[in-house]
1. What number of residues in segment B:75-113 are facing another protein chain (nearest Cβ under 7 Å), assigned to a helix (DSSP H, G or I) and under 16 Å from B:GLU41 (Cα atoms)?
2. Need the failing condition index for B:ILE159 against (1) farther than 16 Å from A:ALA84 by Cβ; (2) more than 10 Å from chain A (Cβ to nearest Cβ), just the number.
3. Look at A:THR125 and say whether it is of a type outside the set (A, V, I, L, M), within 19 Å of B:ARG106 (Cα to Cα) and at the interface with chain B (Cβ under 10 Å from one of its Cβ atoms).
4. Considering each of B:LEU73, B:LEU54 in turn, give the residue that is under 13 Å from the mean Cα position of the chain (by Cα) and more than 17 Å from A:ASP10 (Cβ to Cβ).
5. Just to verify a result, which residue in segment B:156-176, among those that are touching a residue at least 60 places away in the same chain (Cβ under 8 Å) and not polar (S, T, N, Q), is farthest from B:LYS90 (Cα to Cα)?
6. Does B:SER107 satisfy being surrounded by fewer than 17 Cβ atoms within 10 Å (Cβ to Cβ), in the same structural domain as B:ASP64 (by TED's automatic domain parsing) and of a type outside the set (Phe, Trp, Tyr)?
7. Please note which helices (runs of 4 or more DSSP H) are completely contained in segment A:30-136 and include at least 3 residues that are at pLDDT 70 or above and not polar (S, T, N, Q).
Amino acid sequence: MADSYRQVMDRVRLSGEDRARILAAAREEAARPVRRVVFPRRVRRYAVLAACFAVMAAAAVAAPRLLAGQTMEADLSAAAAMEALPSRSALEQAVGFAVPEVEALPFSAEETDYVSVFGEVAEVTFRDESHTAVLRKGVDPDPSGNYSAYPDVRQLTVGNTAVTCKGADGTVALAVWEDGGYGFSLSFDPAVPEEEALSAVAAILNGASGT
Amino acid sequence: MESVLSGRWGLGTALYALLARVLPAASDGAMEREDASARAERLLTQYGDAVLRLAYSYLHNREDAEEVVQDTLVQLLKTDPELQGPDHEKAWLLRVAGNLAKNRLRSDRIRMADELNEELAAEEREDLRFVWEAVRSLPTAYREVIHLFYYEGYPTAQIAKILGKNESTVRSCLTRGRAQLRTILKEAYDFG
């Protein structure tokens with residue numbers, strides 16, 4: 001069976017012509033200058049300060065890793081800027097804010113992954129054999145990173161909190177809300193009925209550890 | 001006048017010294033860009049097929065998979081990362097390609113044609129088509145692990161690094177993926 005899979009995948013390959021075309025397109029794309037946006041002078045002044053602060057923060061994060069000789073790990077994580085962590089508390093330590101527990105998912109999670117994205121967004125993935133739910137929390141009002149256009153976008157309310165639900169045919173694939181100065185997103189694959197999504201959101205909002 | 005001339009000469013000398021510093025640096029910069037470009041070509045030759053296959057295992061479409069290969073090279077050229085040795089180079093490329101392919105899956109920008117399936121059907125290779133359909137039907141989390149383990153031959157610890165997951169999660173995905181394949185294929189084949 002593994003041999004059969006290898007036989008199938010062996011058919012997927014690039015010809016010399018494909019490589020030449022892809023390389024030429026990649027070189028052209030990489031050489032394309034980044035479009036510059038001109039900001040007013042006052043904004044530029046603050047931008048310079050922010051850039052200095054960002055460089056200092058990046059150096060503070062990168063220096064201990066480089067000193068510890070973790071160059072390969074650092075390069076690999078730079079590729080995605082995602083760091084897998086063993087527990088919720090380790091994730092909270094990495095991102096610097098509390099990460100809520102999710103106790104009312106529409107399915108019973110058998111596995112949970114904790115990932116810090118750029119050290120700025122906490123991502124918790126819950127999974128069973130056929131369902132996945134991803135909770136994200138960050139300072140951005142919408143930390144989902146999901147820019148898909150969904151046919152149904154509904155503004156709903158859970159308690160006093162406005163929740164944007166996106167999906168199709170009464171189901172919710174993505175819910176986004178703000179609470180306590182943070183943005184939250186909860187995505188479902190496959191999408192779940194609206195009431196199930198909202199009860200998961202309500203449970204997160206009611207959890208004191210979440211904010 | 002003399003002082004003015006010496007002042008001009010002083011300015012001219014300073015400009016010359018500045019240009020002398022800047023010009024070699026500019027040509028060094030051109031050399032570095034050429035190196036990065038040459039590295040992209042070498043890595044495409046060495047690992048282009050591996051990157052294409054991983055992308056295809058996510059997207060099931062040749063055109064989408066080729067775009068992921070191209071975008072991976074763009075990332076390589078733009079970020080010019082320091083990569084230590086062939087293993088690190090390949091792992092970096094696969095990680096970037098995997099993330100780009102998953103982004104594409106999330107954005108619903110994928111095409112529907114599955115050329116591999118069509119090719120196997122045209123050749124009446126139902127045995128291979130059966131296996132491809134079974135792997136294709138797995139959840140993404142299982143499929144990526146199955147591909148890296150069985151096709152690329154990576155151990156679970158390395159797969160965990162490439163995918164940014166815990167090793168225990170990778171082992172669990174591998175076990176579940178195998179079990180699901182056995183069920184789909186009704187134990188006609190052993191994926192062990």
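1. Final tally of qualifying residues: 3.
2. All conditions are met except number (1).
3. Judged against the criteria, A:THR125 is a match.
4. B:LEU73
5. If we take residues in segment B:156-176 being touching a residue at least 60 places away in the same chain (Cβ under 8 Å) and not polar (S, T, N, Q), then B:GLY164 is farthest from B:LYS90 (Cα to Cα).
6. Against the criterion (surrounded by fewer than 17 Cβ atoms within 10 Å (Cβ to Cβ), in the same structural domain as B:ASP64 (by TED's automatic domain parsing) and of a type outside the set (Phe, Trp, Tyr)), B:SER107 qualifies.
7. Because the criterion is at least 3 residues that are at pLDDT 70 or above and not polar (S, T, N, Q), the helices (runs of 4 or more DSSP H) in segment A:30-136 that meet it are A:88-95.
Conditions tested, residue by residue: (1) touching an Asp or Glu at 6+ places or on another chain (Cβ under 9 Å); (2) on the phi > 0 side of the Ramachandran plot; (3) touching a residue at least 24 places away in the same chain (Cβ under 8 Å); (4) not assigned by TED's automatic domain parsing to the domain that holds B:LEU77.
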residue: B:LEU94; (1), (2), (3), (4): yes, no, yes, no
residue: B:LEU100; (1), (2), (3), (4): yes, no, yes, no
residue: B:PHE130; (1), (2), (3), (4): no, no, yes, yes
residue: B:GLU144; (1), (2), (3), (4): no, no, yes, yes
residue: B:PHE149; (1), (2), (3), (4): no, no, yes, yes
residue: B:TYR154; (1), (2), (3), (4): no, no, no, yes
residue: B:THR183; (1), (2), (3), (4): no, no, no, yes
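The values are calculated or read from the model by the stated rules, or taken from the named source; none is laboratory data. Please read all numbers here as calculations on a predicted model, not as lab measurements. Don't worry about glycine lacking a Cβ; one is built from the backbone with ideal geometry, like all the others, and counts go over all protein chains shown.
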